[in-house]
Amino acid sequence: MKSLSKANLSQFLETMNSKVRVYVPVEQDGVSRFAPWSQDCQLVLDRNTINPPKRLFFPQTEELYEYQVDKQDASVKSLAVKPEPFVVFGMRPCDVQSLKLLDDVFLTKGYEDIYYKQKREQGIVISLGCPEPEETCFCDSWGVNPARAPLADIMMIESEDKYLLEAQTEAGEKLLADLSGQLTDQSGELPEGKPCSLKVKNEGLMEHLQPKFEDPVWAEICRKCINCGTCTYLCPTCYCFDILNRTRGKQGVKYRCYDSCMYPEYTLMAGGHNPRPTKKERVRQRFLHKLQYIPERYQELGCVGCGRCIKKCPVNLDITRVINQLWEVE
Amino acid sequence: MNAQTAKIREIAKELLEKQEVQMVIGWEKGTFFYNSTPVFITKPEDVERLIWDEYCAVNLAKLLMDYRHVEGKVALFVKGCDARGINRLIQDKVIDRGKTYLIGLPCPGMKDAGKAAELGKDKAGEAPLEAKCLRCTHPNPVVYDVLVGEEVPVTGKEDRFARIADLEKMSPDEKFEYWSKQYDKCIRCYACRNVCPACNCRECVFDQGQTWLERAVERGGNQFYGLVRAFHVAGRCIECGECERACPMDIPIMDLHHKIAKDINELFGDYEAGLDPEGPLPLGMYKTEDPEEFM
Amino acid sequence: MCNCNGSHNDNPLLPVVGKIIKIVEETPDVKTFHVTSENGKPFTPMPGQLGMVSIVDVGEAMFSVTTQGPEHLEFAIKRVGTLTDVLHEAEVGQSIGVRGPYGNGFPIDLFKGKDVLFIGGGIGLAPVRSMINYCIENRDDFGKLTIIYGARSPEDLCFKDDLFENWPKVRDTEVHVTVDKGDDNWKGNVGFVPAFLEQINPSPENTIALTCGPPIMIKFVLQSLAKMNFQPEQIVTTLEMRMKCGIGKCGRCNIGSKFVCLDGPVFTLAELNQMPNEY
Ligand code: SF4
Ligand code: SF4
Ligand code: SF4
Ligand code: SF4
Ligand code: SF4
Ligand code: FES
């Protein structure tokens with residue numbers, strides 16, 4: 001284990017950034033997100049960011065390939081590029097866990113999404129554990145330990161005036177070795193944090209929900225939802241996208257862009273039929289996708305309990321309250 | 001429980017028991033002390049869920065749109081801004097006044113939930129009002145069937161155009177820079193549109209595939225979205241501030257709407273939308289003496 | 001394991017650009033496009049599998065591969081929107097993007113050694129045709145083939161050569177055609193597919209029924225099959241959903257935890273009965 005004095009954090013990041021591009025959680029123009037490190041950025045280390053770090057691996061808008069057309073002829077060229085290695089510093093355990101789910105979606109079941117894969121392979125994750133979860137956090141109900149991120153390359157957690165760092169992968173070891181000049185050896189174990197105060201009952205939830213598709217409770221739950229995409233766009237595990245064309249004259253770019261099951265057009269077919277015509281079906285899809293379908297398909301939950309949707313839903317349609325309400329249904 | 005909460009429950013219970021309405025839309029307590037969230041009551045025994053406190057910021061008017069085709073009446077609690085939202089929907093022929101029962105609530109102003117959350121429960125009393133409430137000109141409902149409690153004075157608030165005075169002083173380049181930074185944050189979730197009582201078109205231009213706007217989230221498209229929406233509600237925006245409150249990226253959307261409202265006042269005379277559902281809209285008519293500065 | 005038969009490159013979202021080599025006008029609003037590429041057939045699908053077809057500067061949409069030759073794929077496409085409008089205006093020589101094959105295809109093993117009852121309506125014959133042709137090419141593997149097909153009017157019948165020339169000539173094969181409304185030259189049956197099916201009254205004995213068509217037709221065909229004692233395990237159909245990626249990533253084509261682009265589009269009725277009713 002290594003330690004880093006808090007006072008030296010900036011120097012540490014600067015040194016790391018001179019070797020490899022580093023993304024850090026910052027407050028920028030009034031909103032928090034992960035952005036490239038610079039000396040004058042405003043670091044946010046006391047709470048998680050509103051924009052999830054999944055954007056570094058799966059950006060909202062991403063070019064897929066370019067094309068040229070000339071009368072009847074056409075050609076395409078992939079725009080997938082492997083980025084230089086980069087470090088994501090300060091990712092919270094919930095968001096690290098979300099990468100596990102994104103890996104399952106983008107890298108398994110027969111097809112690998114090369115655009116995601118190239119970034120994922122090049123990204124080194126330094127997770128920052130949470131000594132004290134925010135009141136909207138409920139990751140530990142899903143089995144995430146707020147102070148540990150097993151999938152991270154390096155686990156880091158604050159302890160008084162220091163940060164303690166432990167490498168968990170080879171890439172992590174190597175990075176810490178490269179930065180050894182900034183670090184002090186330290187004995188002992190990484191400290192634990194406090195549990196979350198917000199809780200939901202997890203055990204058996206998938207089985208409980210399986211027979212609830214037709215339950216009238218969905219007509220109740222959906223009522224206040226305004227079908228904006230806020231909850232899905234901020235969610236670290238939501239991955240739905242649309243594929244679109246941007247044509248300018250004889251050339252153009254095929255790109256993808258976040259989409260949301262909250263929008264009516266999402267499932268609207270060319271002939272006019274829509275399997276999810278009202279907000280009841282759409283809200284049901286969002287919750288069952290996270291709590292039943294993803295567990296059925298990938299044997300893990302589709303929510304990591306980060307609480308972003310609770311914080312930012314304009315009508316406080318809170319997933320934990322929905323889960324409680326669903327538990328009450330016989 | 002405050003006295004008004006008791007009163008609104010009583011009113012709701014009576015309406016439902018006598019079957020004068022088939023649903024009452026109000027607020028109930030949400031996750032944390034600073035969340036009050038819309039609730040839809042259909043059974044008299046459920047009225048105990050209703051509350052009225054300093055966090056009932058959500059404008060309920062838009063939610064009525066889901067019930068415009070149902071049989072019978074729906075009752076709705078309205079603050080000043082909800083009531084103007086109702087007038088907006090009536091004037092735009094989206095809902096039928098005859099099918100709504102409005103329970104007016106004079107509004108002392110709602111607390112800024114984000115700030116209250118930061119301060120914590122014990123100090124929440126010190127939290128400032130929601131930005132939209134600081135500049136509210138009509139805290140008393142402008143339309144209702146019954147009013148609960150006494151009207152409140154409009155005092156101690158900011159001039160509603162104060163925030164844009166600084167923006168107006170900027171050079172065009174500075175303005176561009178400022179708004180670019182703001183709209184670069186936009187994630188195009190469309191919460192601002194979906195929450196807005198003036199955004200009530202049957203089919204929004206932004207839902208017509210990529211006909212009018214590409215889906216790519218980038219500077220030009222984001223600004224186009226913000227501006228087009230602002231112009232689509234010009235002269236109809238009731239200044240309820242819901243768009244800005246709903247925006248997860250904290251974009252100062254109201255500045256656009258206030259700027260347009262101010263310009264309309266200067267060009268066509270003082271006007272506030274949603275006060276009277278019958279009167280002509282400033283941009284929905286013309287007079288021969290209208291200024292032609294833009295020509 | 002993916003069901004791509006090893007044909008996709010390392011970027012499954014990138015199409016192969018091929019060309020239209022032949023266009024057959026099936027009906028006033030359906031055309032069949034024969035597509036090939038520089039390296040021959042863009043991919044080799046199993047019957048019932050899908051291909052993502054694009055006019056590269058306009059857009060993409062998913063279609064079933066209605067049949068294939070040694071060097072080409074065929075897509076029968078109905079005019080319903082922007083992309084299909086452009087496709088219908090296209091001429092031989094037009095470049096076409098294709099990627100695939102996607103989806104599970106028909107469960108061949110379930111059909112083997114059995115009689116097969118094909119029931120199609122309108123453009124729904126397109127996926128069915130891939131299986132009919134497969135059965136014909138591997139004729140000894142299957143029992144009797146009964147093909148029941150209907151369209152709105154005689155001019156709306158797809159694949160007329162197959163219906164009236166090719167398929168009736170195949171050994172132990174019956175073809176029954178009906179239209180909702182006849183015209184002066186129509187000598188065949190007039191009436192809806194489900195009633196026509198009940199009139200023909202095929203036996204469920206050692207038979208698999210495969211049905212594709214408009215949702216309303218499917219609904220009544222399923223009722224008729226139930227009346228005739230077909231079990232859910234004996235009935236196979238295909239589903240349509242809006243699709244974008246085709247590879248189980250973009251999320252939109254799910255029905256419960258199944259993705260139609262990967263786990264479908266072919267399901268037995270027994271499987272569908274286990275899934276949420278949301279399609
Ligand atoms: S749950 Fe909330 S954030 Fe999500 S779509 Fe509904 S209103 Fe928007
Ligand atoms: S559903 Fe909400 S709490 Fe769960 S991971 Fe997504 S944003 Fe976080
Ligand atoms: S949800 Fe858990 S891991 Fe995420 S920020 Fe909160 S406490 Fe930390
Ligand atoms: S634009 Fe904003 S302030 Fe105006 S009516 Fe709509 S939500 Fe309210
Ligand atoms: S609510 Fe904010 S982030 Fe969402 S579309 Fe509107 S301006 Fe953009
Ligand atoms: S089409 Fe994208 S997941 Fe099926």
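For GluC sites (Glu not before Pro), the sites in the range B:15-121 that DSSP calls loop and that have at most 10 other Cβ atoms within 10 Å are B:Glu71.
Of the cross-linked pairs C:Lys78/C:Lys160; C:Lys144/C:Lys181; A:Lys162/A:Lys312, those separated by over 26 Å at the C-alpha level are C:Lys144/C:Lys181; A:Lys162/A:Lys312. Taking only protein heavy atoms into account and a 1.4 Å probe, give the accessible area per residue of the protein assembly as shown in Å². Per residue, the protein assembly as shown has 42 Å² of solvent-accessible surface.
Of the listed peptides C:140-153, A:269-282, C:116-129, A:295-308, what is their order by residue-averaged count of other C-beta atoms within 10 Å, with the highest listed first? The partial results should precede the final answer.
Working: C:140-153: 19.6, A:269-282: 16.1, C:116-129: 26.4, A:295-308: 21.8.
Descending mean neighbour count gives C:116-129, A:295-308, C:140-153, A:269-282.
Both radii come from the Cα set of chain A: Rg as radius of gyration, Rh as Kirkwood radius; their ratio Rg/Rh reads 1.00.
Using a 10 angstrom Cβ neighbour count of at most 14 plus a DSSP loop assignment to flag exposed GluC sites (Glu not before Pro), which longest range of chain C is free of such sites?
Numbers: sites that count: C:Glu38, C:Glu71, C:Glu91, C:Glu205.
So the longest stretch without any such site is C:92-204.
With an 8 Å Cα cut-off and a minimum separation of 6 or more residues, compute the relative contact order for the range B:3-147 in percent. Write down the numbers at each step before the final one.
Working: 260 pairs, mean separation 31.9, N = 145.
Relative contact order of the range B:3-147: 22 percent.
Across the range A:64-182, the fraction of Cα-Cα pairs farther apart than 16 Å, rounded to a whole number, is 69%.
Rg then Dmax, both in Å and based on the Cα atoms of the range C:125-200: 12.7, 40. With the convex hull drawn around the C-alpha atoms of chain C, the volume per residue stands at 131 Å³.
Here the mean projected area of the convex hull built on the C-alpha positions of the range C:154-232 is 5.9 nm².
Computed over the range C:136-279, the P(r) curve from all C-alpha pair distances, binned at 5 Å from the origin, holds 2, 8, 16, 18, 18, 16, 13, 7, 2, 0, 0 percent per bin.
Full extension of the segment from A:Leu107 to A:Ala219, taken as 0.36 nm per residue of separation minus the current Cα-Cα distance, would add 36.8 nm. Leaving ligands and nucleic acids aside, the A/C contact buries around 4000 square angstrom of accessible area in total at a 1.4 Å probe radius.
Association of chains B and A removes close to 3200 square angstrom of accessible area from solvent, both sides included, for a probe radius of 1.4 Å.
When Rg and Dmax are taken over the Cα atoms of the range B:1-83, they come to 12.2, 35 Å.
To the nearest whole percent, what portion of all C-alpha pairs in the range A:183-255 is separated by more than 17 angstrom? Don't jump to the answer; show the numbers that get you there.
On the way: 2059 of 2628 pairs.
The share of Cα pairs beyond 17 Å in the range A:183-255 comes to 78 percent.
Expressed as a fraction of 2.2 N^0.38 Å, the C-alpha radius of gyration for the range C:16-102 is 0.95. Peptides B:282-291, B:93-102 ranked from most to least packed by the mean count of surrounding Cβ atoms within 10 Å: B:93-102, B:282-291. Just the protein heavy atoms count here, and of the accessible area of the protein assembly as shown at 1.4 Å, carbon and sulfur take up 50 percent. Hey, what did the range C:16-102 get for relative contact order, percent, Cα under 8 Å, at least 6 apart? RCO, the range C:16-102: 39 percent. Go from 0 up to the bin containing the longest alpha carbon distance in the range B:3-147, width 10 Å each, and give me the % of pairs per bin. Result, from short to long distances: 12, 41, 34, 11, 1 percent.
For the range B:229-281, averaging the sequence separation of C-alpha pairs within contact (under 8 Å, six or more residues apart) and dividing by the residue count gives a relative contact order of 43 percent.
What translational diffusion coefficient, in µm²/s and rounded to a whole number, does the Stokes-Einstein relation yield for the protein assembly as shown at 25 °C and a viscosity of 0.890 mPa s, taking the hydrodynamic radius as the Kirkwood radius over Cα pairs? List each step's numbers first, then the result.
Numbers: Rh = 30.6 Å.
In µm²/s, the coefficient is 80.
In the range A:220-238, comparing the full protein assembly with the chain on its own, the residues that lose 50 Å² or more of accessible surface at a 1.4 Å probe are A:Arg223, A:Lys224, A:Ile226.
Across the alpha-carbon set of the range B:78-224, the Rg to Rh ratio works out to 1.03, Rh being the Kirkwood radius.
With 30 Å as the limit, the listed pairs B:Lys62/C:Lys244; A:Lys280/B:Lys73; A:Lys254/C:Lys219; A:Lys6/B:Lys115; A:Lys119/A:Lys212 have B:Lys62/C:Lys244; A:Lys254/C:Lys219; A:Lys119/A:Lys212 beyond it between alpha carbons.
Convex hull volume per residue, computed on the Cα atoms of chain B, equals 154 Å³.
The values are calculated or read from the model by the stated rules, or taken from the named source; none is laboratory data. If you're wondering where the values come from, they're calculated on a predicted model, not measured in any experiment. Every residue, glycine among them, receives a Cβ derived from its backbone with ideal geometry; neighbour counts consider all protein chains shown. SASA here: full protein model, heavy atoms, side chains in, ligands and nucleic acids out. Shrake-Rupley method; radii C 1.70, N 1.55, O 1.52, S 1.80 Å.
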